[in-house]
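The values are calculated or read from the model by the stated rules, or taken from the named source; none is laboratory data. Since this is a predicted model, take the numbers as computed values, not measurements. Neighbour counts run over all protein chains shown; Cβ positions are idealised from the backbone, glycine included. Please note that ligands, DNA and RNA were not included when accessible areas were found on the heavy atoms of the full protein model with its side chains. Shrake-Rupley method; radii C 1.70, N 1.55, O 1.52, S 1.80 Å.
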Amino acid sequence: MQSLLISPDKETRKAIIAEKKTITIREGHRDYKPGPAMLCCHIEPWAVMVQIIDVRHCLLAEVTEGECHVDGYNNHEEMLKDLRRYYPLLGYSSPVTVIHWTNPQGKLVKKYLERKARKGRR
């Protein structure tokens, strides 16, 4: 089973559960493969299952505008600034791994969908 550590940031976790965040960009060439994976947080008790659908190795400068937007950034500059919180030496010529996933599942997703359905009935 593959796993990805996710930031304890509450908004990031909400976006994953709501399927608004379906990508992560990691420094270096990581050996992830399409298939099942667990997104989890080592600081907060939080985890969901996902299906990795694409893994791409490139330079940070080659991350597409679309990938920037799906990951919650308005542009490459914003992406670089945020990623440097985790990878201080990261630059546009740094190798990265872009990981796309779909289909978050688990107890937290189920609770989110139930709350959303209740709000829809009001």
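Where does the charge balance sit around E27 when Lys and Arg score +1, Asp and Glu -1, over other residues with C-beta under 12 Å from its C-beta?
+4
Could you count how many Lys pairs in the chain have their Cα atoms under 20 Å apart, skipping same-chain pairs fewer than 8 positions apart?
Close lysine pairs under the 20 Å cut-off: 27.
Exposed loop chymotrypsin sites (Phe, Trp or Tyr not before Pro) only (DSSP loop, at most 16 other Cβ atoms within 10 Å): please give the longest stretch of the chain free of them, not including the sites.
1-85
Of all accessible surface on the chain at a 1.4 Å probe, what whole percent is carbon and sulfur? Each step should come with its number before you reach the end.
Working: 4000 of 7460 Å².
Taking all protein chains in place, the chain shows 54 percent carbon and sulfur surface.
So who's got an amide H within less than 5 Å of the one on V96, skipping anything under 5 residues away but keeping other chains? H placed 1.01 Å off N, in plane.
Placed amide hydrogens put G28, C58, L59, L60 under 5 Å from V96.
Quick one: what Rg and Dmax do you get for region 64-122 from the alpha carbons, in Å?
16.7, 51
Taking θ as phi - 60°, what are the ³J(HN,Hα) couplings along region 47-58 by the Karplus curve (6.51, -1.76, 1.60), each to the nearest whole Hz, with x for Gly and Pro?
Result, ordered by residue: 7, 9, 8, 9, 10, 5, 10, 7, 10, 10, 9, 7 Hz.
Based on the alpha-carbon gyration tensor of region 1-69, what equivalent-ellipsoid semi-axes (square roots of 5 times the eigenvalues) come out, in whole Å, largest first? Don't skip to the answer; put the middle values down first.
Values: eigenvalues 80, 44, 27 Å².
So the equivalent ellipsoid measures 20, 15, 12 Å along its semi-axes.
One-quarter of the Cα convex hull surface for the chain, in nm²?
Projected area, direction-averaged: 7.9 nm².
Can you tell me the accessible area per residue over the chain, all protein chains present, probe 1.4 angstrom, in square angstrom? Please list the in-between numbers first.
Details: 7460 Å² over 122 residues.
I get 61 Å² per residue for the chain.
Pulled fully out, how much extra length does the chain show between H29 and L89, if you take 0.36 nm times their separation in residues and subtract their Cα-Cα distance?
20.1 nm
What do you get for the angle between helix 107-121 and the principal long axis of the chain? Use alpha-carbon atoms, 0 to 90 degrees, nearest ten.
60
Could you give me the ³J(HN,Hα) list for region 64-81, computed from phi with Karplus coefficients 6.51, -1.76, 1.60 and θ = phi - 60°, whole Hz, x at Gly and Pro?
6, 4, x, 5, 4, 5, 5, 8, x, 9, 7, 6, 5, 5, 5, 4, 4, 4
Return the long-range amide H neighbours of W101 (sequence gap of 5 or more, or a different chain), with a cut-off of under 5 Å between placed amide H atoms.
I23, I53
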